[in-house]
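Some notes on the structure that comes next.
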Amino acid sequence: MSNVPALPLLETEAPGAAVPCCPPLSERPFTAEEAERTARMFKALGDPVRLRLFSAVASHEGGEACVCDISDVGVSQPTVSHHLKKLKEAGLLTSERRGTWVYYRVEPSVLAAMGQLLAVR
C-alpha cells in the first residue's frame, strides 16, 4: 500500500463526468496544495517510459491492457512494473489481478480531468 495520495476527482451533476483536482491553468494561480497534487501527476508522466505505458493503456482496445500486452517499451519487465506502480501511485492508473496477469485501466474521469486542467477558458 502506498502512502502517496491519488489525485482527487470531484463528481459533477453529469454522471461519470469529473472535474480536475485543480482549476484550469488559465483560470487562476494554483494554491500550494493544488500545485502539489498536480505536480505529482505531471512528475509521473514526465518519464518517457511512463508516458508510453500510460498511452498504451489509455489507447488499448477495450480501455484496459494486460501487462503482457504493453511491456514492449524497451526496458526490462521489472522496470515496466516499477513504472506502472508509479503511475498507479499518482492516481493515473488502476489495476486488477486476474490469475497470473495484472490488467491496467485509465479511468475515463482521469482523462477528462487532465483535459479540463489544460483547457483554455
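The values are calculated or read from the model by the stated rules, or taken from the named source; none is laboratory data. Owing to the predicted nature of the structure, the values given are computational and were not obtained by experimental measurement. Cβ placement follows ideal geometry from the backbone for every residue including glycine, while neighbour counts extend to all protein chains displayed. Please note that ligands, DNA and RNA were not included when accessible areas were found on the heavy atoms of the full protein model with its side chains. Shrake-Rupley method; radii C 1.70, N 1.55, O 1.52, S 1.80 Å.
Observations on the structure shown:
- For Val102, the residues whose modelled amide H falls within less than 5 Å of its own, excluding neighbours fewer than 5 places apart on the same chain, are Val67, Cys68.
- Residues of segment 59-80 falling in the label zone of Glu96, defined by backbone nitrogen less than 18 Å from a point 7 Å along Cα to beta-carbon, are 59-70.
- Relative packing of 76-85, 37-46, which averages over residues the other C-beta atoms within 10 Å, highest first: 37-46, 76-85
- For peptides 48-57, 65-74, 95-104, sequence by mean Cβ density within 10 Å, most packed first: 48-57, 65-74, 95-104
- Accessible area of segment 57-109 belonging to carbon and sulfur atoms, whole % at 1.4 Å probe: 48
- Solvent-accessible heavy-atom area per residue, rounded to whole Å², over segment 72-121 at 1.4 Å: 59
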